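Engineer: The structure that follows is given in the form of structure tokens.
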Amino acid sequence: MSVTTGLFYVFSAVLLIAAFRVITARNPVHAALFLVLTFFQAAMIWMLLKAEFLSITLVLVYVGAVMVLFLFVVMMMDINVENLRIGFWKHFPFAALVGVVIALEMAAVLMGGFRVVDEPAAVVAGAAQVSNTKELGTLLFTQYLYPLEVAAAILLVAMIAAIALTLRARKDSKYVSPGDQVRVKSRDRMTVVKMAATQTAAEPAAPQAETKA
């Protein structure tokens, strides 16, 4: 067994264990961290398959951005785990049935891709001199340029909409208009008051004499 095959089995075993822990962990934060580990192992498997662009993209996008956002949301929401588990076993048979159907469908579709076919030596020699990242970039910006621009526009609209939804006026927050901050002058921020250098201390009042009846 080669080193590449051994690493593939190691990464696959860790990936399966981490994926199983994602759905069995009681703490949502732990489940999110196990999902991060799952993404890392999948990236390593793609690296073994010489798909370095997909591997780096998975780490940068999902692990570096999406999962960090998930962790912040989960930690800020303070989810009550006990309420989430109410009715779990009631819906478990139907959920298991759906999972089995999905697994069988995926196996039927992907089974043809697991067959090992010997490629011609000329194709293998030519593929060794070509960078798949370069070829993918050339393909995206030539043949799929318009779909790429449409996807970029949709993501931009989604980002603007998300920012607009969060900009809500709150009565308990102190807000200062950026326009007023830009237009402010130094004389408006500070007022110089002229005062005497020294001032005489006020004399204490004389005590009043007690009157006797």
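The values are calculated or read from the model by the stated rules, or taken from the named source; none is laboratory data. Predicted model only: the values in this text are computed from it and were never measured. Every residue, glycine among them, receives a Cβ derived from its backbone with ideal geometry; neighbour counts consider all protein chains shown.
Engineer: Exactly one condition in (1) at pLDDT below 80; (2) under 29 Å from Val14 (Cβ atoms) is false for Gly87; which is it?
Structural biologist: (2)
Engineer: Could you identify the single residue in Val182, Val123, Val192, Val176 that is of a type in the set (Val, Ile, Thr), exposed (fewer than 10 other Cβ atoms within 10 Å of the Cβ), at pLDDT 80 or above and over 30 Å from Val66 (Cβ atoms)?
Structural biologist: Numbers: Val123 fails: at pLDDT 80 or above; Val192 fails: at pLDDT 80 or above; Val176 fails: at pLDDT 80 or above.
Within the list Val182, Val123, Val192, Val176, the selection yields Val182.
Engineer: Considering only the range 28-49, how many residues are more than 24 Å from Thr133 (Cβ to Cβ) and either out of contact with any helix residue (DSSP H, G or I) (no Cβ under 7 Å at 6 or more places or on another chain) or not assigned by TED's automatic domain parsing to the domain that holds Val61 (or both)?
Structural biologist: 2
Residue-wise test of (1) at pLDDT below 80; (2) outside the structural domain of Ser55 (by TED's automatic domain parsing); (3) not in a helix (DSSP H, G or I).
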{"site": "Ala95", "(1), (2), (3)": "no, yes, no"}
{"site": "Gly99", "(1), (2), (3)": "no, yes, no"}
{"site": "Asp118", "(1), (2), (3)": "yes, yes, yes"}
{"site": "Gln143", "(1), (2), (3)": "no, yes, yes"}
{"site": "Ala153", "(1), (2), (3)": "no, yes, no"}
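Engineer: Any chance the range 50-64 includes a residue that's at pLDDT 85 or above, in a helix (DSSP H, G or I) and more than 30 Å from Lys134 (Cβ to Cβ)?
Structural biologist: There is no residue in the range 50-64 that is at pLDDT 85 or above, in a helix (DSSP H, G or I) and more than 30 Å from Lys134 (Cβ to Cβ).
Engineer: Restricting to the range 24-39, count the residues that are without any contact (Cβ under 8 Å) to a residue 40 or more places away in the chain and within 23 Å of Gly64 (Cβ to Cβ).
Structural biologist: 10
Engineer: What number goes with the only condition from (1) under 24 Å from Gly99 (Cβ atoms); (2) surrounded by fewer than 16 Cβ atoms within 10 Å (Cβ to Cβ) that Leu49 does not pass?
Structural biologist: (1)
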